[in-house]
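Read the structure below first, then the notes.
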Amino acid sequence: MLTDEYVKRVYAQVEQRDGDQEEFLQAVREVFETIEPVFKDHPQYEASGVLERLVEPERVVKFRVPWVDDEGHVQVNRGYRVQFNSAIGPYKGGLRFHPTVTEAVIKFLGFEQIFKNSLTGLPMGGGKGGSDFNPKGRSDAEVMRFCQSFMTELQRHIGQFTDVPAGDINVGAREIGYLFGQYKRLRNEFSGVLTGKGLEFGGSLTRTEATGYGLCYYTQEALRVLRHDSFKGKTVVVSGSGNVAIFAIEKATQLGAKVITASDSNGYVVDPNGIDLEVLKDIKLNKRGRVSEYAERVPSATYHEGCRGVWSVKCDIALPCATQNEINGNEAQMLIDNGCTVVCEGSNMPSTPEAIEVYKSNNVLYGPAKAANAGGVAVSGLEMSQNSIRLGWTFDEVDARLKGIMESIVANSLAAAKKYGHEGDLMQGANIAGFIKVADAMVAQGII
């Protein structure tokens, strides 16, 4: 419920202008509801129109992406780049290739990215991009031609000091390589314009693992501080089976938990013995297969149609790592009824507002996505640093920096929550801490 008059007025403007963009409205409302206490202490934010400017992207680029498939047919997709806020650094955020990509989805992701990047403590603004192109089932040659066409337009709008994209859903090492190659070809320069690159051409160790590892470092620290507990001996349910999910499974297992699920858009597997990572990695990372194949190869596992059923599996800790709004109110209650006491988010905005209310009313330790999954962009920022100094750090060096950043996010979120009267609330604290840094920079730089 919005109560502050300034906040209500600006949200009403957003509804009027962007009423058809449901995901964006959801993201804005969640932030607005939690940062209301800040405005009593900071009247300069209203005087400087911080919220009015914050909800309007600095730039939205939308373009067509024509390419030719292996049959010689012309295909046309839509490309997007939303450059949302550059108050604390160059725009930074991933590229998502998925049929569900729309301007509303990219705007919600870019808006979330502002606060996520702020929380890392690194100098990065918020942006996001992508296309409704689906690389699944396409040959390497088709993916290459699409990426080259996409970058032919995108290269006009990005640069290492302007906007540094990375990967997101369906944009991995293969896609980043093709995108980087085309950028280098067109611009005649070798620069750190993309992160998630191969190690041979400026990538960082730990980047592949970063979001999943970071999610577990965040969860472990929140458990330690708020519950005097850890992953050790816990049963964990993970959704998804991409990079985030796979490396969350890996790190949670290393920290002493037993992870018993993985999923994709078709269904989910349950392995009571704990997910066999080598099998899952072979299916998803090497063969780009479906998670149903896991049950065919592992006798102890069972496959179930329908990906949302994963939340019916009994667990202590849930780590959603698939996509937005994957847990609704009913599914959140199902988790609670089955003994779940911790939900930390590896995907972007995976819980609906109704689900979040269920968590709060049941005293669930809830780690919101913009804090809990910031590990990926944190290591992207570290990759940018390595590119700038023309050096590469070891895996252990980057991993230690990642762990420190995630622990700092927990500490800073809890400090902000306590200062504004919501002690222990990681969601409120994350939104406030991320917002204040960006708002102060916007005020200092004038009305731009």
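Coordinate-derived values only; no laboratory data. Note that this is a predicted model, so its numbers are computed, not measured. Don't worry about glycine lacking a Cβ; one is built from the backbone with ideal geometry, like all the others, and counts go over all protein chains shown.
Observations, loosely collected:
- For the chain: relative contact order, % (alpha-carbon pairs under 8 angstrom, 6 or more apart): 15 percent
- The chain: antiparallel DSSP beta bridges as a percent of all, rounded to 5: 55 percent
- Per-bin percent of Cα-Cα distances, the stretch 204-327 [10 Å]: 14, 49, 31, 6, 0
- Dividing the summed -39500 (n - 2.57) terms of all DSSP H runs of n ≥ 4 by the residue count of the chain sets its mean residue ellipticity at 222 nm at -14000 deg cm²/dmol.
- Farthest toward positive dipole pole in the chain [+1 Lys/Arg, -1 Asp/Glu at C-beta], among N266, V236, V443: V443
- Cα lying deepest toward the dipole's positive end in the stretch 57-187, options P123, I106, S139, charges on Cβ: P123
- Cβ-derived FRET efficiency at R0 51 Å, N330 paired with L199, nearest 0.05: 0.70
- Among [x] 136; [y] 380; [z] 150, the entry that matches volume of the Cα convex hull per residue in Å³ as calculated here: [x]
- Amide H contacts of V61 (H built 1.01 Å from N, in plane; Pro and chain starts excluded): R81, V82, Q83 sit under 5 Å, all sequence-distant by 5 or more or on other chains.
- Magnitude of the charge dipole for the chain, about its Cα centre and with charges confined to Cβ atoms of Lys, Arg (+1) and Asp, Glu (-1), is about 920 debye.
- Residues Y268, Y213 in ascending order of nearby Cβ atoms (within 10 Å, fewest first): Y213, Y268.
- T102 versus D20: modelled label distance in nm, points set 7 Å from Cα along the beta carbon direction: 0.8 nm
- Summed side-chain charge close to I158 - residues other than I158 whose Cβ falls under 10 Å, Lys, Arg +1, Asp, Glu -1: +2
- Using θ = phi - 60° and Karplus 6.51 cos²θ - 1.76 cosθ + 1.60, couplings along the stretch 172-182 (whole Hz; Gly, Pro as x): x, 4, 4, 5, 4, x, 5, 5, 5, x, 5
- Measuring max minus min along each principal axis, the C-alpha atoms of the stretch 299-412 give extents of 50, 40, 21 Å (largest first).
- Reciprocal mean inverse distance between Cα atoms of the stretch 5-54 - Kirkwood radius, Å: 11.3 Å
- For the chain, built as a Gaussian network whose Cα springs stay under 10 Å, the top-fluctuating residue of R78, R207, R17: R17
- Under a Gaussian network description of the chain, with springs only between Cα atoms under 10 Å, the residue in G79, G110, G159 that fluctuates furthest is G159.
- Extension gain for K419-N134 works out to 98.1 nm (0.36 nm per residue, less the C-alpha to C-alpha distance).
- Length-normalised contact order for the stretch 57-187 - Cα pairs under 8 Å, 6+ apart - percent: 29 percent
- Here the dipole of the stretch 209-330 is about 160 debye; that uses its Cα centre as origin and unit charges on the Cβ of Lys and Arg (positive) and Asp and Glu (negative).
- The residues Y218, Y183, when put in order of fewest to most other Cβ atoms within 10 Å, stand as Y183, Y218.
- Result for the chain in a Gaussian network model with C-alpha springs under 10 Å: among F180, F32, F395, the largest mean-square fluctuation is at F395.
- Ranked for footprinting exposure by Cβ neighbours inside 10 Å, fewest first, L2, L199 give L199, L2.
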